[in-house]
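No lab work stands behind these numbers, since they all come straight from the coordinates. Keep in mind it's a predicted model, so treat the numbers as computed, not measured. Every residue, glycine as well, gets a Cβ built from its backbone with ideal geometry; the counts of neighbours run over all protein chains shown.
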Amino acid sequence: MAKMTAREKVISAAQELMTGRGYSATSVDTIVQKAGVAKGSFYHAFRSKEELALVALEDYAIKAWKAVATGPYRDLEDPIERALAFVDFLEASSESLWAQGSLLGSVAVEFADSHPDLNERVSGLFARFEEKFVLLFEPALQARTAELQGWVSSATAQELSVHLLAVIEGSIITARSHFEPTHLQSGIRQFRNYLALLLGRQAR
């Protein structure tokens, strides 16, 4: 593994600290201490904590999607089975992805109205995830329509995508507040069961 640069160390430290403590409670001094770099290295790479947060959010989202984008579900030809296998893979990966929380969710809750730049970045990143989910759910709904001529889904692919994001973020909060990580897996599993029933497949 390549050695991390000072900039990468700062981004990683900011992601961990801001996920656990929030943006406001995370100071530049705490970040550089966690990263093990000089304060000058911070200001060489970033003009402010806000600029760092914007970069950290983008980096977090990219890495999160890469972690699930190459799952075995991609090899399935049946779009219904592929969509269900994708949610199964999210459940199986949930602890490694979100055991410490969600940086996007933490920032969204903290700055829902008071910090437009950060909130806009979070909103855009959530929208990107929704678009990727739609690419999996839309073909599955179309395949179900082909199975049952005249069938009309009670949910659109976009609505399912928003629902899945809400389940993930809500389950993260529930799991952390109860100190019970299985709540995260359970939440995703129940979404999978709903999706299975919607697509005419068996829940588990």
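Below 8 Å, C-alpha to C-alpha, sequence gap of six or more: please give me the relative contact order for the chain in percent.
Details: 212 pairs, mean separation 41.6, N = 204.
Relative CO of the chain lands at 20 percent.
Normalized C-alpha radius of gyration of the chain, against 2.2 N^0.38 Å? Please report the intermediate quantities before stating the final value.
Working: Rg = 19.0 Å, N = 204, 2.2 N^0.38 = 16.6 Å.
The value comes to 1.15.
A146 to L76: FRET efficiency via 1/(1 + (r/R0)^6), r the Cβ-Cβ distance, R0 25 Å, to the nearest 0.05?
Numbers: r = 17 Å, r/R0 = 0.67.
After rounding, the FRET efficiency stands at 0.90.
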Legend entry - Net length gained if the chain between Q33 and H178 were fully extended (0.36 nm per residue, minus Cα distance): 49.2 nm
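Please give the FRET efficiency for T156 paired with E58, using the beta carbon to beta carbon distance and R0 = 25 Å, rounded to the nearest 0.05. Walk me through the numbers on the way to the answer.
Details: r = 28 Å, r/R0 = 1.11.
Computed FRET efficiency for T156 and E58: 0.35.
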Legend entry - Gained length - V68 relative to N119, 0.36 nm times residue gap less alpha-carbon distance: 15.9 nm
